[in-house]
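Each remark here refers to the structure printed beneath this line.
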Amino acid sequence: MASPKLAAGDGSYDFHLRSLSAASRDSAAAADPASDPNLLQSVRMVFEMCKEAKGANDEMVARAFPVMNKLFQRCAAAPTLSTASTGVLLLTILQFFLDFGEAVLHDADGSLKTFFRSCLSREFSDPIVAERTLEFLIANKTKILNCFPTLVPQFFPLLLKLIASNGDRLDKKFSEVLPLMMSAGSFLPLFLSLMDLPMLVVALEKVERSSGTLIGSSLATIQKSAAPEMLLALMDEAYTGSSIEDQSGNSGSDDSGRLDLADPMFLDLLKDENDGIAAKHWTSPTISSTLQAALNSPQSDRLKQSLKMAPRFLTVYFATALRDVNNSLLCALIPVAMSRYAAMFPDKDFSFEVRKKLSDFLLAAFQRSPDIIALLKKPITDRLGEAHGNPAKMELALHLCWAIGEHGAGGIKHKDVARELFENLELLLYENLATSRLGLSQDPGFDSMGASSRKSSQARLLCFVVTAIAKLATCHNELLPRARVSLAKVARSRTSDRRVWQRACDYLGLMNEPAICLSVLGPSTAQGNGPGIVNWSEGGTKMVAHIPFYLLAEQKGPPSHDFSYTDLLPAE
């Protein structure tokens, strides 16, 4: 091994290459090859000289590659107890492989996976290695997408552990890498993992309290021993219907005891690679005790940061999904998103933010492809039936009612689906009318709310249901008689909320003017044209005078102003 003095004073290519060659052969340094502080400098110097060389570039790369490859393999195979971090060194060598791999016919896929499995799995909580890893992925984003499209989706659980350990310091860089994690095989598991980011922080902190610092310790060896048994248990459950035996005991409820990492819930949270299996955390008995323990103790800084980061990551995830993902994957995601609307980490601010993100995504997905409503008729009707469950489920039902009415249950061609959804809306209307008359709420989840708040929430739900019934009947004319009956029952109900009663009366009046009704209540797409029908998409080019005069309540003659629709409609 060359002395530090010589290494610092000599900048020639041959000198640095000899230093690396000696390091890759030195048996005394095999236990901790990255302990030499000059090794990284030599790698960087050789790399820079290869990039800057013009005529002799190929020859220099051909000479350097065997040395770099041997050094990479030795560092990756270093014992887990080595004191020096190999992450930055391995990333520098990986950059050499990516830039010059074609010149020496080297496929970097194996080297990249070796880095994730052998190095990052031990050093994901090291702040320097974590930041350099994200910078490496960002710098090589195009090449990774084109040449190694399955790499980042395969190791996204490890990258989530990286951000969970390092907090919002790397928030922006992680957001840039997040779209790389999305593929057909990782699409659903990634969503569930983002939802459970605070739970991942809780699990990592339990490991840290049980086993010490996370730097230099790999959870993969423990996980590998139990993962095949878990996979066999899942297969047995799928084919025979038998439930997975709970082996957790009280492992998640006692922070002072040793953590049982063989527990299926923690295995899934702490895994390094995507196995494509949807998580089952919220059906595990361990989850309630773990959450209770987390709620009863002060929140750590990492947990507080994860509660703020997760909604931001979900925003990036949903934006990418709506832009790049096909309808098949969206149809798979939407029922999962609806199932998690009321199942998330029980922090008030976190729940509010995440539910808002979920609602915005669901409505945007239905707006992009209204046919999805017809395809997902069964899960939608199931969620409408759970509107009494708790405030979160009622909020989800509100958004689903709006989407059903706004998009005509998927469009004019889906008449059977529209009829079935209409029947479910009728049932929801009559059930809530009955309970509002009695002044009762069927769900103990509302006990924490006052009587006036319960009444207000129920009135809000009824307003959405009444509107959805009127809009659905406007799109599908065969439902108009039944809609009139339903709305008339609300209008005749003296005990219903004033807002609900007024809305029902307004809709009954509108239905007597079909053209106006279609303009006001018709679907936002595929509207017909005819006398009195306003095409709202052309609002920016119309004048208020173009509205039929009888639409201007209590006003005779032409309007006394010349305002444009642009004064009334929000600008795009």
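The values are calculated or read from the model by the stated rules, or taken from the named source; none is laboratory data. Source: prediction; values computed, not measured. Neighbour counts are summed over all protein chains in view; Cβ atoms, including those assigned to glycine, are modelled from backbone coordinates with ideal geometry. Side chains included, ligands, DNA and RNA excluded: accessible areas come from the protein's heavy atoms. Shrake-Rupley method; radii C 1.70, N 1.55, O 1.52, S 1.80 Å.
Key figures
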read-out: Average projection area in nm² (convex hull over Cα atoms of segment 133-187, one quarter of hull surface); value: 3.5
read-out: By average C-beta atoms within 10 angstrom, highest first, the peptides 89-97, 126-134, 331-339; value: 89-97, 126-134, 331-339
read-out: Percent of Cα-Cα distances greater than 18 Å, calculated over segment 355-422; value: 31
read-out: Whole-percent pair-distance distribution, where bins are 5 Å wide, for the alpha carbons of segment 86-139; value: 4, 20, 32, 25, 12, 5, 2
read-out: Hypothetical label at A184: residues of segment 322-357 whose amide nitrogen lies under 20 Å (7 Å Cα-Cβ projection); value: 322-336
read-out: Solvent-accessible heavy-atom area per residue, rounded to whole Å², over segment 43-164 at 1.4 Å; value: 40
read-out: Entries of K141/K173; K172/K393; K308/K348; K173/K356 with Cα pairs more than 21 Å apart; value: K172/K393; K173/K356
read-out: Relative packing of 369-380, 502-513, which averages over residues the other C-beta atoms within 10 Å, highest first; value: 369-380, 502-513
read-out: Segment 73-170 shape via C-alpha gyration tensor axes, a/c threshold 1.5; value: oblate
read-out: Length gained when the stretch S456-S35 is fully extended (0.36 nm per residue, less Cα-Cα span); value: 144.9 nm
read-out: Carbon and sulfur %, accessible surface of segment 38-180 computed with the full protein complex present, 1.4 Å; value: 53
read-out: Nearest-20 debye value, segment 69-163 charge dipole, Cβ charges on Lys, Arg, Asp, Glu; value: 220
read-out: Rounded FRET efficiency, nearest 0.05, which uses the C-beta distance separating D14 from L363 and R0 of 51 Å; value: 0.20
